[in-house]
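First up is the structure itself, then whatever we jot down about it.
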Amino acid sequence: MPTFDAADLIAFATIEGARACGIDDRTGSVTPGKEADLIMVRLDHTNLLPATDVAASIVAGGHAGNADLVVVAGEVLKEDGALVRGDSVFAEAAASRDRLFHAAGLPLPS
């Protein structure tokens, strides 16, 4: 049975995931000419300590709250640990939920 280390798992979530989707020519790695999709993770949060192996700490104990900065296709979505467009993100999520409930013939949650 194959074994994988934390760096392998991060590769599966980034470049290998992009490769599997056929989009590795434009995303999945930090390479000139590709879309700027980046995260910066706060390693001083208690769930990531001690971060002697950063990749292992993130894979084993990380969560979205550890992301200090998130950039997707060059657009900053989260900065200083807070969503930049939080209100519009929540509104879009609620609208998507409503469409799905409507399509399924279910009543909207109250």
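Any idea which of ALA64, ALA55, ALA82, ALA73 is in contact with an Asp or Glu (Cβ under 8 Å, 6 or more places away or on another chain), surrounded by fewer than 12 Cβ atoms within 10 Å (Cβ to Cβ) and among the aliphatic types (A, V, I, L, M)?
Values: ALA64 fails: in contact with an Asp or Glu (Cβ under 8 Å, 6 or more places away or on another chain); ALA55 fails: surrounded by fewer than 12 Cβ atoms within 10 Å (Cβ to Cβ); ALA82 fails: in contact with an Asp or Glu (Cβ under 8 Å, 6 or more places away or on another chain).
So the residue among ALA64, ALA55, ALA82, ALA73 that is in contact with an Asp or Glu (Cβ under 8 Å, 6 or more places away or on another chain), surrounded by fewer than 12 Cβ atoms within 10 Å (Cβ to Cβ) and among the aliphatic types (A, V, I, L, M) is ALA73.
May I ask you to list the residues in segment 52-98 that are of a type in the set (D, E, K, R) and closer than 28 Å to THR31 by Cβ? Spell out the reasoning first.
So in segment 52-98, the residues of a type in the set (D, E, K, R) come out as 53, 68, 75, 78-80, 85, 87, 92, 97-98.
Result: ASP53, ASP68, GLU75, LYS78, GLU79, ASP80, ARG85.
Of everything in segment 4-18, what is exposed (fewer than 15 other Cβ atoms within 10 Å of the Cβ) and more than 17 Å from VAL70 (Cβ to Cβ)? Give them in sequence order. Let's see the steps before the verdict.
Taking segment 4-18 first, the residues exposed (fewer than 15 other Cβ atoms within 10 Å of the Cβ) are 4-5, 7-8, 12-13, 17.
Those that are exposed (fewer than 15 other Cβ atoms within 10 Å of the Cβ) and more than 17 Å from VAL70 (Cβ to Cβ): PHE4, ASP5, ALA7, ASP8, PHE12.
Values quoted throughout were computed directly from the atomic coordinates according to the rules given, and no laboratory measurement underlies them. Remember, predicted model here, so these are calculated numbers, not experimental data. Counting neighbours? That spans all protein chains shown, and the Cβs are built from the backbone with ideal geometry, glycine included.
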